[in-house]
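The structure under discussion appears below in the form of structure tokens.
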Amino acid sequence: MTQEDGQLDSLVRKRIRALRVAQGWSLEELATRANLSQSSLSRIENGQRRLALDQLVTLARALDTTLDQLVENAADDVVISPMIDGTHGLMRWPIKGVPGMSVIRQRMTEPPPDNPARMRAHPGREWLVVLSGTAILMLGHRRFRIDTNQAAEFPTMMPHAIGAEGGPCEIMGIFDRDARRGHQRDTDESGDSASAQGPPE
């Protein structure tokens, strides 16, 4: 066994124990769920028994995870640098574990548009938190004031727009693939600044 294999083996064993403890299960309870003896499970967790593929599949199922997640190796690229769009005053980080999902930090200076025709609707969901200042979220016919450290989450099929109130504000948002594409499409079609419309792709 190579050093890398040994490290992965140890990681998998620790992961099994950590998932079991997180569920609040005893060795006996997980062993029952995985159709193993308690002593076999104990030896698996303690490194005294070889990891067999069929047992890992059963343990993954019992722990409500997948085999891939159970044996996933530690990522080398833990630190992610942002992609910076100076034109729209934003930074974007991809979430590698969820393809298509992005975290976006954006500074806004303009209020949301007064014209309801400039509000957008598209598939997806958005979540945002105001890091500084005050943001205004227009959602359908409603107007929400979001202060520093407050968050909002909404389905983007509801017509919406966001902007600043009383000076610049800075937000951080999480956008799924559909929401991000919707923002990009609307920005491309309208040519509007992202400050009131949302982040481009």
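The values are calculated or read from the model by the stated rules, or taken from the named source; none is laboratory data. Here the structure is a predicted model, which means the values were calculated and not measured. Ideal geometry is used to build each Cβ from the backbone, glycine not excepted, and the neighbour counts take in all protein chains shown. Please note that ligands, DNA and RNA were not included when accessible areas were found on the heavy atoms of the full protein model with its side chains. Shrake-Rupley method; radii C 1.70, N 1.55, O 1.52, S 1.80 Å.
Is it the case that the stretch 126-140 has a residue that's assigned to a helix (DSSP H, G or I) and among the small types (Gly, Ala, Ser)?
no
If you go through the stretch 27-64 and keep only what is under 22 Å from GLY6 (Cβ atoms), charged (D, E, K, R) and open to solvent by 60 Å² or more (accessible area, probe 1.4 Å), you end up with ARG43, ARG49, ARG50, ASP54. Just checking, does the stretch 25-34 include any residue being aromatic (Phe, Trp, Tyr) and assigned to a loop (DSSP other than H, G, I, E, B)? Yes, the stretch 25-34 contains at least one residue that is aromatic (Phe, Trp, Tyr) and assigned to a loop (DSSP other than H, G, I, E, B).
Can you find, within the stretch 1-24, the residue that is least open to solvent (accessible area, probe 1.4 Å) among those that are of a type in the set (S, T, N, Q) and part of a helix (DSSP H, G or I)?
Looking at residues that are of a type in the set (S, T, N, Q) and part of a helix (DSSP H, G or I), I get SER10.
I'd like to know if the stretch 56-71 contains one or more residues that are on the phi < 0 side of the Ramachandran plot, assigned to a strand (DSSP E or B) and in contact with a Leu (Cβ under 7 Å, 6 or more places away or on another chain). No, the stretch 56-71 contains no residue that is on the phi < 0 side of the Ramachandran plot, assigned to a strand (DSSP E or B) and in contact with a Leu (Cβ under 7 Å, 6 or more places away or on another chain). A count restricted to the stretch 147-201 and to residues that are in contact with a Lys or Arg (Cβ under 7 Å, 6 or more places away or on another chain), buried (at least 19 other Cβ atoms within 10 Å of the Cβ) and modelled with pLDDT of 65 or more stands at 5. Among the residues making up the stretch 83-121, a single one is within 14 Å of GLU170 (Cβ to Cβ), surrounded by fewer than 16 Cβ atoms within 10 Å (Cβ to Cβ) and of a type outside the set (S, T, N, Q): GLU110. Within the stretch 81-125, if we keep just the residues that are part of a loop (DSSP other than H, G, I, E, B) and under 14 Å from the mean Cα position of the chain (by Cα), the residue that is nearest to PRO159 (Cα to Cα) turns out to be GLY124. Looking at the stretch 122-145, which of the residues that are at pLDDT 95 or above and under 24 Å from ILE84 (Cβ atoms) is surrounded by the most Cβ atoms within 10 Å (Cβ to Cβ)? By that ranking, first place goes to ALA135.
Filtered by the rule that a residue be assigned to a strand (DSSP E or B) and under 18 Å from PRO113 (Cα atoms), the stretch 141-163 gives ARG142, ARG143, PHE144, ARG145, ILE146, HIS160, ALA161, ILE162, GLY163.
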